[in-house]
Amino acid sequence: MRRQDRTRLTRAAVLALWALAAAAQAQAQDAPRLTGADEPMGDVPAPPVADWIINDVRVGRNYPEQPPVIPHGIEGYQLSVTANRCLECHRREYSGLVAAPMISITHFQDREGQMLADVSPRRYFCTACHVPQSNARPLVENRFRDMLTLMPVGEE
Ligand code: HEC
Ligand code: HEC
């Protein structure tokens with residue numbers, strides 16, 4: 001191949017790459033930013049502080065494996081290596097006394113599926129999976145759809 005041809009080829013490849021990168025950037029800008037639509041460095045009024053939803057009404061789950069959300073306040077509840085306030089109500093031994101739902105059987109299983117006598121270490125830090133809710137405005141539109149609306153039960 002002549003040297004000139006090779007240079008032309010390289011130039012074409014660089015151009016193609018540049019076009020790809022530009023297209024990818026245009027697409028990336030289509031995704032909503034988590035910080036909202038405002039200009040990043042502009043003066044914007046602070047959003048109102050959201051209220052926690054602490055009405056004690058248990059919330060239905062959106063899919064079977066969902067960790068249920070926390071319907072009560074957890075402010076000031078200690079959750080550390082030495083103390084777990086959540087378990088003072090949700091542990092099997094105490095749940096009857098305070099009418100709190102017991103941590104489910106999966107919380108007693110280790111990673112091999114073996115049953116333990118007490119909560120498994122991998123389920124110890126409750127708030128890694130269970131979170132309280134607030135009335136904050138969602139940062140991005142939620143287009144989640146219940147699986148049952150996509151694949152109605154009983155229909156082939
Ligand atoms: C003082 C007792 C108490 C403490 C402490 C407590 N809970 Fe609860 N929890 C309850 C009760 C009672 C309910 C049932 C709904 C209600 O009354 O709020 C509940 C409900 C829940 C639910 C909803 C369960 C479902 O099936 O919908 C979750 C999840 C939960 N708590 C997690 C936690 C976590 C995580 C902590 C620690 C950060 C915690 N709880 C601390 C008493 C407690
Ligand atoms: C690794 C994620 C994870 C962690 C950590 C975790 N959970 Fe859960 N939890 C779940 C999931 C998923 C479910 C629903 C399915 C199930 O029962 O396993 C659930 C269910 C529950 C329920 C409802 C039980 C029922 O029968 O309705 C309660 C109450 C609960 N968890 C409390 C806790 C508490 C208290 C802790 C901390 C000691 C904790 N969970 C830690 C994932 C977690």
Checklist entry - In region 96-121, how many residues are within 15 Å of ligand 1 (Cβ to nearest atom), exposed (fewer than 12 other Cβ atoms within 10 Å of the Cβ) and part of a helix (DSSP H, G or I)? => result 5
Item to check | Cross-chain or 6+ apart pairs with Cβ under 6 Å, region 33-60 first and closer than 14 Å to Ser134 by Cα, then at pLDDT 95 or above and of a type in the set (A, V, I, L, M, F, W, C) | outcome: Val59/Val69
Checklist entry - Would you call Phe108 of a type in the set (Phe, Trp, Tyr) and in contact with a Ser or Thr (Cβ under 9 Å, 6 or more places away or on another chain)? => result yes
Item to check | Failed criterion for Thr106 (all others in (1) more than 7 Å from ligand 2 (Cβ to nearest atom); (2) in contact (Cβ under 8 Å) with a residue 12 or more places away in the chain hold) | outcome: (1)
Checklist entry - In this structure, does Ala100 turn out to be in contact with a helix residue (DSSP H, G or I) (Cβ under 8 Å, 6 or more places away or on another chain), farther than 29 Å from Arg145 by Cα and within 13 Å of ligand 2 (Cβ to nearest atom)? => result yes
Checklist entry - modelled with pLDDT of 80 or more, exposed (fewer than 10 other Cβ atoms within 10 Å of the Cβ) and closer than 15 Å to Leu139 by Cα - does that describe any residue in region 52-66? => result no
Checklist outcome for this item: Condition set within 6 Å of ligand 2 (Cβ to nearest atom) and either free of Cβ contacts under 8 Å to residues at least 40 places away in the same chain or aliphatic (A, V, I, L, M) (or both), scope region 123-147, selection nearest to Val69 (Cα to Cα): answer is Ala128
Checklist entry - Of the residues Leu116, Leu139, which single one is within 23 Å of Pro47 (Cβ to Cβ) and either modelled with pLDDT of 90 or more or in contact with a Ser or Thr (Cβ under 9 Å, 6 or more places away or on another chain) (or both)? => result Leu139
Checklist entry - Of all residues in region 67-95, which are open to solvent by less than 50 Å² (accessible area, probe 1.4 Å) and more than 6 Å from ligand 1 (Cβ to nearest atom)? => result Pro67, Val69, Gly73, Ser80, Ala83, Asn84, Leu87, Ser95
Next on the checklist: Could you check region 34-43 and list, in sequence order, the residues that are open to solvent by 80 Å² or more (accessible area, probe 1.4 Å) and over 30 Å from Asp146 (Cα atoms)?
Outcome noted: Asp38, Glu39, Pro40, Met41, Asp43
Checklist entry - Is it the case that region 24-31 has a residue that's at pLDDT below 80 and acidic (Asp, Glu)? => result yes
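The values are calculated or read from the model by the stated rules, or taken from the named source; none is laboratory data. Please read these numbers as outputs of a predicted model, since none were measured by experiment. Here the Cβ is made from the backbone with ideal geometry for all residues, glycine too, and neighbour counts use every protein chain on show. These accessible areas exclude ligands, DNA and RNA; they are computed on the full protein's heavy atoms, side chains included. Shrake-Rupley method; radii C 1.70, N 1.55, O 1.52, S 1.80 Å.
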